[in-house]
Amino acid sequence: MMVHGITSAGLGAPDYRLALKQHKAYVSALRSLGLQVTMLEPDSSYPDSTFVEDVALCTSKMAVVTSPGAVARMGEEAGMEKVLSGYFDHLERISYPGTLEAGDVMMVGDHFYIGISERTNQNGAEQLIRILQRYGMTGEGVRFDEMLHLKTGVSYLEDDTMLVIDELSAHPAFERFKKIIVPPEEAYAANAVWVNNTVLLAKGYPKTLRNLECNGYRVLLLDVSEFRKLDGGLSCLSLRF
């Protein structure tokens, strides 16, 4: 059960019933934006398996089954491989000792930024880059400090625009992009999801909401308080392709 998931947030144990309600609202939001949603069966062997984004990367040409960097999540990717085989003709894999969690991977068109973190090592990043190149895509590693995953601090909102915390705003890899800065006290809001001209944003971050709306974005707010207690954000809860 998710209440036993990995956490460094220090916000207490999640309320399981409330988490179920929040997840239902999340799924409803995706469907309201025109997406078809496949719900996976719960797996009590892996308390963090609600964060499906980490164990696979889905692209326009293939999917990559990752190699989780957290010991408690190793093996979780096997079930996801079975699911994705029904959607993709081409499945690739990251092999240990390479580790890679797709929360560290941000797609910008056919280019992928890969965070080097506690969960994603250089070996895993290099494996992913080689895979991408075989399919005519590209990737590069991005080093950072004090975040779980790259997408903890930056989200791509299409049209060469990023929602980003100040720590990453001056990173050379992101120099060419327009940036909407998330204030330090609202850093959690940097993990957002762009879907069909709408930005899904965590509820409770008024400055970031205002910044997005002032830049012309339609915003849909979602309460994900119980997933935050497990270091999870909006993007973590789905694989979008």
Report, by residue number, each residue of region 106-146 that is touching a helix residue (DSSP H, G or I) at 6+ places or on another chain (Cβ under 7 Å), under 15 Å from Ile94 (Cα atoms) and either not small (Gly, Ala, Ser) or not assigned by TED's automatic domain parsing to the domain that holds Glu53 (or both).
Ile114, Ile116, Arg119, Thr120
Spans of strands (runs of 3 or more DSSP E) in region 67-133 with at least 2 residues surrounded by 19 or more Cβ atoms within 10 Å (Cβ to Cβ):
105-108, 111-116
Every residue in region 1-23 that is more than 17 Å from the chain's Cα centre (by Cα), in the same structural domain as Leu220 (by TED's automatic domain parsing) and closer than 23 Å to Glu77 by Cα, please.
Ala19, Leu20
Based on what the data block shows, is Val55 among the β-branched types (Val, Ile, Thr), more than 20 Å from Ser225 (Cβ to Cβ), surrounded by 19 or more Cβ atoms within 10 Å (Cβ to Cβ) and free of Cβ contacts under 8 Å to residues at least 40 places away in the same chain?
no
Subset of region 196-210, residues touching a residue at least 40 places away in the same chain (Cβ under 8 Å) and either more than 13 Å from Leu222 (Cβ to Cβ) or crowded, with 22+ Cβ neighbours inside 10 Å (or both), comes to Asn196, Val199, Leu200, Thr208
Just to be sure before I move on: is Phe227 outside the structural domain of Thr120 (by TED's automatic domain parsing), in contact (Cβ under 8 Å) with a residue 40 or more places away in the chain and in contact with a helix residue (DSSP H, G or I) (Cβ under 8 Å, 6 or more places away or on another chain) in the structure I sent?
yes
Scan region 189-198 and tell me whether some residue there is closer than 30 Å to Gly12 by Cα and more than 18 Å from the chain's Cα centre (by Cα).
no
When you scan region 174-195, how many residues do you find that are surrounded by fewer than 16 Cβ atoms within 10 Å (Cβ to Cβ) and touching a strand residue (DSSP E or B) at 6+ places or on another chain (Cβ under 8 Å)?
2
Within region 67-96, the count of residues that are touching a Pro at 6+ places or on another chain (Cβ under 9 Å), small (Gly, Ala, Ser) and under 13 Å from Asp48 (Cβ atoms) comes to 2
Output for Cβ contacts, cut-off 8 Å, separation at least six or different chains, first residue closer than 22 Å to Gly139 by Cα in region 174-195, second part of a helix (DSSP H, G or I) and polar (S, T, N, Q), reads Lys179/Ser169; Ala190/Thr152; Ala190/Thr208; Asn191/Thr152; Asn191/Ser235; Ala192/Ser235; Val193/Ser235
Scanning for something of a type in the set (Asp, Glu), at pLDDT 95 or above and within 22 Å of Val154 (Cα to Cα), does region 78-92 turn up at least one residue?
no
With Ala29, Ala13, Ala19 as the choices, which residue is in a loop (DSSP other than H, G, I, E, B) and surrounded by 13 or more Cβ atoms within 10 Å (Cβ to Cβ)?
Ala13
Of the conditions (1) at pLDDT 95 or above; (2) in contact with a helix residue (DSSP H, G or I) (Cβ under 7 Å, 6 or more places away or on another chain), Pro14 satisfies every one except a single condition; which number is it?
(1)
What's the number of the condition Ile165 fails, among (1) outside the structural domain of Asn196 (by TED's automatic domain parsing); (2) out of contact with any Phe, Trp or Tyr (no Cβ under 8 Å at 6 or more places or on another chain); (3) within 26 Å of Tyr188 (Cα to Cα)?
(1)
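The values are calculated or read from the model by the stated rules, or taken from the named source; none is laboratory data. Quick caveat: nothing in here was measured; it's all calculated off a predicted structure. Neighbour counts are summed over all protein chains in view; Cβ atoms, including those assigned to glycine, are modelled from backbone coordinates with ideal geometry.
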